[in-house]
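A.B. asks: The structure follows.
Read-outs: derived from the displayed coordinates by stated rules, not from any lab. Quick caveat, the model's predicted, so the values are computed rather than measured. Note that we place each Cβ from the backbone using ideal geometry, even for glycine, and neighbour counts take in every protein chain shown.
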Amino acid sequence: MLTEKQIRALCDIAGTENVFFDSESIEKYAQDETPDMKYQPDTVIILPCISCVKELVGFCNDEKVPIVPRGAGTGTTGGCLPVHGGVVLSFEKLNKIIDIDENNLMAVVEPGVITGNLHAEVEKKGLFYPVDPASLDSCTVGGNVAENSGGPRAVKYGVTGDYVCGIKAVLPDGTDFVFGGKIVKNVMGYNIPGILVGSEGTLAVFKEITFKLIPKPHFVSDLLVPFASIRDAALTVSRILRSKIVPSAIEFMDKSSIDAVGKLLDRKMPYGEAGAHLLIQLDSSDGDEAEKIYEKVGGICMENNAEDVLVADNSQMKEKLWEARRKIREAIKPISPVKRSSDVVVPRFKIPDLLESIYLLQDKHKIRFINYGHAGDGNVHVNILKENMEDSVWNEKLPVVLDELYAIVVGMGGAISGEHGIGLVQKKYLRKAVGNREIKIMTDIKKLFDPNNIMNPGKIF
Ligand SMILES: Cc1cc2nc3c(=O)[nH]c(=O)nc-3n(C[C@H](O)[C@H](O)[C@H](O)COP(=O)(O)OP(=O)(O)OC[C@H]3O[C@@H](n4cnc5c(N)ncnc54)[C@H](O)[C@@H]3O)c2cc1C
């Protein structure tokens, strides 16, 4: 609990009108998109300006009050939940795009910018920020950096960290620091932005981020490819990649995902009877090349037993296909409000083996999974559903299923999280996938940045 004196000090720094204590106002900040989890903060500060971050953080450090930075709360591993109470610092109003620099192909932004807004603004100038988490209409770039988020276009364009050139941040002791800037190369010592990317709010509070931009590709084709068999769909992914064509996205959806999203959107899905769909996006700046790769990829799909190749030839149809893909997560909620979502990743060529093992695991434990994800990255969202299962059976089965799933993934040279992070819900599994020495290097880094353990305590380790 904060003392009267501490409350007064926070109000003096941030302005009383920006500091919230009443249960109605702070309710929203006690949860994110992680199912079934709630942790009440002592207070929520909706940051009114970047300049007050430093003083707030320094004060919390002096008083040993936990700080939890928060973007939009779309995280799915409990990353922004205040497990030890304290102060939630919400960046929701710090959403200014400070500069889009067309000469240097850079964007400088505040952390609360919604990712989709950054896309729209840079695209007006013929530029492209390709990182596209399915939550892009609501998540913030600060959250994306803290989680090193990816999206469907990671196959060709990489993840958030590949675009971070500079970070201005505040250390837990309240001191400012800057690493990098509008430069695409920088070897002045350690790659500190590389350490802050994916740090899940546990090392420092970001105040300003500089992202690299690229020219926007002009020719984009979207193909929906139905398969009777999941294995054929998975093998097709490997064969496309082996053909040396790198699509901008290769998304996989199994039949249960297609059914769920059709129900949510109250829409008959194209090829709704198929066992699996691939949604493939191809892009190029050259029209002739675009046509060649699209014909080649279509050919590979048909050679690998695709039932058809549907080409989305207008923007409305493209949007409908992608809307369906983005809504799968939401579509699963009514089927099973309690579920466990895992975002495992394996070397791309192992995708057919991973999917086969996942379905065997489901049959072995008689528990239903809904699987979809970024197949082109080897990254699958495995949703383990509780449905009507008794609580006691679920509590017994879930850890066993997760243990076996993660053992399979680690055995394939993979990782237990490809994009959602460790946060709170995955931390007990981290040690099964990462060695003691490697964990020690990470905890030593944490101690160096945050000796008082005030930054988002209780996460990752
Ligand atoms: C429907 C849906 C689809 C999704 N699809 C994807 C996807 O395709 N790919 C993907 O990678 N993820 C996806 N996610 C997960 C989520 O959207 C991402 O992790 C996203 O980056 C979180 O951003 P946020 O602004 O909501 O951050 P929050 O959830 O608010 O916070 C996430 C973490 O960032 C830290 N943080 C936030 N701001 C700062 C800051 N200024 N300084 C330091 N730390 C900070 C927090 O402390 C926390 O640890 C999806 C989620 C949903 C609900």
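A.B. asks: Within the set Lys216/Lys296; Lys124/Lys212; Lys93/Lys216; Lys96/Lys207; Lys268/Lys386, which residue pairs have Cα atoms separated by over 18 Å?
C.D. replies: Lys216/Lys296; Lys93/Lys216; Lys268/Lys386
A.B. asks: Take Met302 and Asp62, extend 7 Å from each Cα along the Cα→Cβ direction, and tell me the distance between the two endpoints in nm.
C.D. replies: 7.2
A.B. asks: Pop the C-beta distance of Lys333 and Glu438 into the FRET formula with R0 = 30 Å and round what comes out to the nearest 0.05.
C.D. replies: So the FRET efficiency works out to roughly 0.30.
A.B. asks: A further question follows. Given a Förster distance of 45 Å, report the FRET efficiency between Thr16 and Lys244 from their Cβ-Cβ distance, rounded to the nearest 0.05.
C.D. replies: Approximately 0.15, to the nearest 0.05.
A.B. asks: Separate question: Would you mind computing, in nm to one decimal, how far apart the modelled labels at Met188 and Lys364 are, each placed 7 Å from Cα along Cα→Cβ?
C.D. replies: Each label point is offset 7 Å from its Cα along the Cβ direction, giving 5.2 nm.
A.B. asks: Follow-up. Could you tell me the relative contact order of the stretch 197-289? Use alpha-carbon pairs under 8 Å, at least six residues apart, and round to a whole percent.
C.D. replies: Relative CO of the stretch 197-289 lands at 44 percent.
A.B. asks: Starting from the Cα coordinates of the stretch 97-215, work out the convex hull volume and express it per residue in Å³.
C.D. replies: Convex hull volume per residue, Cα atoms: 99 Å³.
A.B. asks: Follow-up question, since we're still on this one. Sorted by mean Cβ packing within 10 Å, highest first, what order do the peptides 433-440, 140-147, 95-102, 380-387 take?
C.D. replies: Highest to lowest by the protection proxy: 140-147, 380-387, 95-102, 433-440.
A.B. asks: For the stretch 61-155, which semi-axes, largest first and in whole Å, follow from the square roots of 5 times the eigenvalues of its Cα gyration tensor?
C.D. replies: 28, 16, 10
A.B. asks: In percent, how large is the relative contact order of the chain, given Cα pairs closer than 8 Å and 6 or more residues apart?
C.D. replies: 16
A.B. asks: Any of Lys38/Lys263; Lys182/Lys446; Lys397/Lys432; Lys125/Lys156; Lys185/Lys432 with alpha carbons more than 24 Å apart? Name them for me.
C.D. replies: Lys38/Lys263; Lys182/Lys446; Lys185/Lys432
A.B. asks: Expected output is a single nm value to one decimal: the length gained when fully extending between Asp403 and Phe461, i.e. 0.36 nm times separation in residues minus the C-alpha distance. What is it?
C.D. replies: Length gained between Asp403 and Phe461: 19.1 nm.
A.B. asks: In the chain, what % of DSSP beta bridges are antiparallel (nearest 5)?
C.D. replies: Antiparallel bridges: around 85 percent, rounded to the nearest 5.
A.B. asks: Still on this model: Once the piece of chain linking Met37 and Lys447 is laid out straight, how much longer is it, given 0.36 nm per residue of separation minus the C-alpha distance between them?
C.D. replies: Net length gain for the segment: 144.9 nm.
A.B. asks: By a straight-distance test (C-alpha under 14 Å), which aspartates and glutamates pair with Lys350 as possible cross-link partners, with residues fewer than eight away in the same chain excluded?
C.D. replies: In chain and number order, the partners are Asp232, Asp377.
A.B. asks: Given the Cα atoms of the stretch 189-244, and with Rh set as the inverse mean 1/r over their pairs in the Kirkwood sense, what is Rg to Rh to two decimals?
C.D. replies: My calculation of the ratio gives 1.20.
A.B. asks: At what distance in angstrom do the alpha carbon centres of the stretch 155-193 and the stretch 1-33 lie from each other?
C.D. replies: 30
A.B. asks: In percent, what relative contact order does the stretch 336-423 have, based on Cα pairs under 8 Å that are 6 or more apart in sequence?
C.D. replies: Across the stretch 336-423, relative contact order equals 44 percent.
A.B. asks: Distance in nm between label sites at Glu27 and Arg431, each 7 Å beyond Cα in the beta-carbon direction?
C.D. replies: Taking the two extended label points, one gets 3.8 nm.
A.B. asks: Find the all-direction average of the projected area of the Cα convex hull for the chain, expressing the result in square nanometres with one decimal place.
C.D. replies: Quarter of the Cα hull surface area: 22.2 nm².
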